[in-house]
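Here's the structure, in structure tokens; my notes come after.
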Amino acid sequence: MTANANHAILADYELPPGTLFPDSAPRYPNLWVLVHESLADSYRAAITLVMEQLEACTDMYNDFGYAHAGEGCDAFARRRGLQPVRLGPDGSRSHDHCVHLRFYFAPLRAGNPVETAEGRYYQVAASVHYEVDRPQRFHPYIDECPHCGCTGEYGAYMGGTIREKNERVHDPLGLELILYGTVRGEDVIAFDGLNRLADRFEVRMAEFVPGPDRADVTTGKVGLVFLGARG
């Protein structure tokens, strides 16, 4: 379920201001995994749990080598080869996709765990987006793509600015994929979302569209995943 989120709602989950993150971070993190203290006895343990579960669900890995700029993050990963699509005359604009994840651990270290109405949780934050991967000459945008482009419910951003496409199209698509293993409601082959963790943990999810009073939340949608011990 997606709700409009004003300052009070976001404050309930102790989501910090954007100024907490480095200036080099392109956007506010749109994925927040909150790990109940019953599952982790330290922030480091919470990070390890989240990374292990993401690897198990998504098969993400870090293969950027020396070519990738840090973009203000502490770690990054991606999953490539998703949803190949044939486009253009004679397939001239055909491409596949990747989901790219940037993790921000250091800015949150001092404030963890946080108190919420549901208990004490460690926050693990990431920025995720879905984009054209290969061939490289098309990365990261093909507006007419039925998977990652400005089509369907995202049609209003056709021909839009880079910022609009990043925040309002690629970020929400990446978030949907990580949460549910789908893109535009369609299952992505050989990709599990974090919702599949319900067989191992108590899982609760929420999605929010930031309101105008949180202009620092520079992304189209924020997803929260609460992980707790199964009773």
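The values are calculated or read from the model by the stated rules, or taken from the named source; none is laboratory data. Source: prediction; values computed, not measured. Positions of Cβ are backbone-derived with ideal geometry, glycine not excepted, and every protein chain shown enters the neighbour counts.
Would you mind stating whether Val188 is hydrophobic (A, V, I, L, M, F, W, C), within 23 Å of Pro26 (Cα to Cα), at pLDDT 95 or above and crowded, with 21+ Cβ neighbours inside 10 Å?
For Val188, the condition - hydrophobic (A, V, I, L, M, F, W, C), within 23 Å of Pro26 (Cα to Cα), at pLDDT 95 or above and crowded, with 21+ Cβ neighbours inside 10 Å - is not met.
Provide a single number: the residues in region 112-139 that are touching a Cys at 6+ places or on another chain (Cβ under 8 Å) and either modelled with pLDDT under 95 or farther than 14 Å from Pro84 by Cα (or both).
Total satisfying the criteria: 1.
Just need a number here: residues in region 197-219 that are in a helix (DSSP H, G or I) and either among the β-branched types (Val, Ile, Thr) or surrounded by 15 or more Cβ atoms within 10 Å (Cβ to Cβ) (or both).
Residues meeting the conditions: 2.
Can you say whether Arg80 is charged (D, E, K, R), part of a strand (DSSP E or B) and without any contact (Cβ under 8 Å) to a residue 60 or more places away in the chain, as far as the supplied structure shows?
Yes, satisfied.
For region 128-144, check the following and say yes or no: at least one residue is part of a loop (DSSP other than H, G, I, E, B), out of contact with any strand residue (DSSP E or B) (no Cβ under 7 Å at 6 or more places or on another chain) and either among the charged types (D, E, K, R) or surrounded by fewer than 14 Cβ atoms within 10 Å (Cβ to Cβ) (or both).
So far as region 128-144 goes, yes, one or more of its residues are part of a loop (DSSP other than H, G, I, E, B), out of contact with any strand residue (DSSP E or B) (no Cβ under 7 Å at 6 or more places or on another chain) and either among the charged types (D, E, K, R) or surrounded by fewer than 14 Cβ atoms within 10 Å (Cβ to Cβ) (or both).
Sort out which residues of region 166-183 are touching a helix residue (DSSP H, G or I) at 6+ places or on another chain (Cβ under 6 Å) and of a type outside the set (Val, Ile, Thr), and write them in order of number.
Selection gives Arg168, Leu179, Tyr180.
Hey, can you tell me all the residues within region 145-176 that are among the hydroxyl-bearing types (Ser, Thr, Tyr) and in a loop (DSSP other than H, G, I, E, B)?
Within region 145-176, Thr151, Thr161 qualify.
Can you name every residue in region 107-127 that is surrounded by 13 or more Cβ atoms within 10 Å (Cβ to Cβ), hydrophobic (A, V, I, L, M, F, W, C) and more than 26 Å from His95 (Cα to Cα)?
Leu108, Val114, Val124, Ala125
Among what's in region 13-59 and is of a type in the set (Asp, Glu) and closer than 22 Å to Val99 by Cβ, pick the residue that is surrounded by the fewest Cβ atoms within 10 Å (Cβ to Cβ).
Glu52
Tally time: how many residues in region 61-97 are modelled with pLDDT of 90 or more, touching a strand residue (DSSP E or B) at 6+ places or on another chain (Cβ under 8 Å) and either more than 17 Å from Asn30 (Cα to Cα) or β-branched (Val, Ile, Thr) (or both)?
12
Kindly provide the set of residues from region 153-176 that are in contact with a Gly (Cβ under 7 Å, 6 or more places away or on another chain) and either aliphatic (A, V, I, L, M) or surrounded by fewer than 15 Cβ atoms within 10 Å (Cβ to Cβ) (or both), ordered by number.
Of everything in region 153-176, just one residue is in contact with a Gly (Cβ under 7 Å, 6 or more places away or on another chain) and either aliphatic (A, V, I, L, M) or surrounded by fewer than 15 Cβ atoms within 10 Å (Cβ to Cβ) (or both), namely Leu175.
Mind listing whichever residues of region 147-168 are in contact with a Lys or Arg (Cβ under 8 Å, 6 or more places away or on another chain) and either touching a residue at least 60 places away in the same chain (Cβ under 8 Å) or of a type in the set (Lys, Arg) (or both)?
His147, Asn166, Glu167
Under 9 Å between Cβ atoms, which residue pairs at least 6 apart in sequence (or on different chains) link something in region 108-123 that is assigned to a loop (DSSP other than H, G, I, E, B) with a partner that is of a type in the set (S, T, N, Q) and crowded, with 16+ Cβ neighbours inside 10 Å?
Asn112/Gln123; Pro113/Gln123
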